[in-house]
Amino acid sequence: MTRTDSSWTRFWNSGPWWKALLMIAAYWVVYQLITFAFTSVFAGSIDETDPLSTPLSVVLGMALPILLAGVLLLLFARSVGWVGELFAPQRPRGGAWMWVAVVLVLIPIVMHLIATDWSFWSITLVLSILFLGLAVGLTEEVATRGLVVVMLRRGGYDERIVFLVSSVIFALLHVGNLISGQAVTTVAVTVIYTFGFGAMMYLSLRITGSLVWPILLHAATDPTTILATGGIDAHSPAMGAADPLVVLAGFFAPLYVLVALIAIFFVKGRMSAKEPVA
């Protein structure tokens, strides 16, 4: 740290885990305000009862708000000088066993692509959903596997704590789905699933050595799930009976959680935010 660092930079550059939670809470509030602004200004173009009904509803109601929130996260990273650290190659990488996370995420993506009833979707709607996936993947990975991980490492935590806390924070982000009117049971299942998925993204970050790959994996997961099931966090009745591949892909959710719980005993070591060490 140099003498030219501002008090803003010094505050975020080191400290306890709660600063990461504070940053994520601030991001969540800003994201909600952005979403409210978009739904108010573009109310005539957004179908709140069925946000997937039109490409414009997907883009204005979901994709652009979270993408704008992601841009603000990158501006925050720039303000504290972390952009280079977020996307720099990480050394050393994790153990070879961590490749299991990448494989477990890729398999349902392929299953969903095969199971999708493409006749149900227009080309423009597919493109808008893919854009949504990219916006979600970029923003949520920059937030949790990017900024949160960097903050925890700067705070001196070992990788087991970084793994756990970043995954829990990612899961807690989805508690906010209660505001959109989702049932408590649906939100609870989503939170458990996202803890497991977040753990897979952390392991993917470690084994690939780059934040780009978790972004891409995440960006592929959400839209392929939506296209195959016809809904967000739930199957759409319009899609009819679930394809067997979709049902089989659903079993990967508890598998993520199981692997995450086992990984707690194997993730170890310490990595500096600037100079990773074994």
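The values are calculated or read from the model by the stated rules, or taken from the named source; none is laboratory data. Values in this document were obtained by computation on a predicted structure and should not be read as measured data. Positions of Cβ are generated from backbone atoms using ideal geometry, with glycine treated the same way; all protein chains shown enter the neighbour counts. The accessibility values were calculated without ligands, DNA or RNA, using every heavy atom of the protein model including side chains. Shrake-Rupley method; radii C 1.70, N 1.55, O 1.52, S 1.80 Å.
Where the accessible area of the chain is counted over protein heavy atoms with a 1.4 Å probe, how much of it, in %, is carbon and sulfur?
On the way: 9460 of 13110 Å².
Exposed carbon and sulfur together represent 72 percent of the surface.
How long are the semi-axes of the equivalent ellipsoid of the stretch 1-114, defined as square roots of 5 times the Cα gyration tensor eigenvalues? Whole Å, largest first.
Numbers: eigenvalues 208, 138, 26 Å².
Three semi-axes, in Å: 32, 26, 11.
With a probe of 1.4 Å, find how much accessible area the chain has per residue, and write the answer as a whole number in Å².
Working: 13110 Å² over 278 residues.
Accessible area per residue: 47 Å².
Mind ranking 243-251, 158-166 by how tightly packed they are, going by the mean number of other C-beta atoms within 10 angstrom, highest first? Please report the intermediate quantities before stating the final value.
Details: 243-251: 15.7, 158-166: 20.6.
In descending order of packing, they fall as 158-166, 243-251.
How long is the gain from Asp158 to Trp8 if the chain were fully straight, where each residue apart is worth 0.36 nm and the alpha carbon distance is subtracted? Working shown, then result.
On the way: separation 150, 0.36 × 150 = 54.00 nm, distance 2.45 nm.
Roughly 51.5 nm would be gained on extension.
Given axes a ≥ b ≥ c from the Cα gyration tensor, I'd like to know whether the stretch 1-46 is rounded (a/c under 1.5), prolate (a/b larger than b/c) or oblate. Could the numbers behind the result be given before it?
Numbers: a/c = 6.80, a/b = 2.69, b/c = 2.53.
Prolate is the answer for the stretch 1-46, as a/c is 1.5 or above and a/b outweighs b/c.
Cα centroids of the stretch 57-92 and the stretch 160-178: how far apart, whole angstrom?
After rounding, the separation between the Cα centres reads 17 Å.
Please report Rg over Rh for the chain, where both radii come from the alpha carbon positions and Rh follows the Kirkwood definition.
Numbers: Rg = 18.8 Å, Rh = 19.4 Å.
Rg/Rh for the chain comes to 0.97.
Please label the shape of the stretch 141-263 as rounded, prolate or oblate, based on the square roots a ≥ b ≥ c of the eigenvalues of the alpha-carbon gyration tensor (a/c under 1.5 means rounded; beyond that, a/b larger than b/c means prolate, else oblate). Provide the component values of the computation, followed by the final result.
Working: a/c = 2.10, a/b = 1.72, b/c = 1.22.
Since a/c reaches 1.5 and a/b is larger than b/c, the shape of the stretch 141-263 is classed as prolate.
Would you mind putting 184-191, 75-82 in packing order, based on average other-beta-carbon counts within 10 Å, highest first? Walk me through the numbers before you get to the answer.
Values: 184-191: 14.2, 75-82: 16.4.
For the peptides 184-191, 75-82, the packing ranking is 75-82, 184-191.
Going by average Cβ density within 10 Å per residue, which order do the peptides 192-199, 216-223, 108-115 take, highest to lowest? The partial results should precede the final answer.
Numbers: 192-199: 23.5, 216-223: 21.6, 108-115: 18.8.
Put in order of decreasing packing, that is 192-199, 216-223, 108-115.
Is the shape of the stretch 48-111 rounded, prolate or oblate, going by the alpha carbon gyration tensor and its root eigenvalues a ≥ b ≥ c, with a/c under 1.5 for rounded and a/b larger than b/c for prolate?
It is oblate, given that a/c is not under 1.5 and a/b is not larger than b/c.
Quote the charge dipole size of the stretch 132-238 about the Cα centre in Debye, to the nearest 20; the model charges only the Cβ of Lys and Arg (+1) and of Asp and Glu (-1). Intermediate results must be reported in sequence, preceding the final value.
Numbers: 5 positive and 6 negative charges, 53 e Å.
Here the stretch 132-238 has a charge dipole of around 260 debye.
No solvent, one uniform scatterer per C-alpha: report log10 I(q)/I(0) for the stretch 68-207 via the Debye equation at q = 0.15, 0.16, 0.22 1/Å, two decimals.
Log-scaled intensity ratios, in q order: -0.91, -1.03, -1.47.
So if R0 is 22 Å, what FRET efficiency would Ile114 and Leu255 give, r being the distance between their Cβ atoms, rounded to the nearest 0.05? Please list the in-between numbers first.
Numbers: r = 19 Å, r/R0 = 0.85.
For Ile114 and Leu255, the calculated efficiency is 0.70.
Treat every Asp and Glu Cβ in the chain as -1 and every Lys and Arg Cβ as +1, leave all other atoms uncharged, and give the resulting dipole magnitude about the Cα centre to the nearest 20 debye. Show your work: numbers first, answer last.
Working: 14 positive and 14 negative charges, 276 e Å.
So the magnitude is around 1320 debye.
Which helices, counted as full DSSP H runs in the chain, have an axial Cα extent of no less than 24 Å and a Kyte-Doolittle average of 1.0 or above? Let's see the in-between values first.
Details: long enough: 18-41 (34 Å, 1.40); 99-115 (25 Å, 2.69); 123-141 (27 Å, 1.83); 184-208 (35 Å, 1.37); 212-229 (26 Å, 0.91).
Sorted by number, the helices that extend far enough and score high enough are 18-41, 99-115, 123-141, 184-208.
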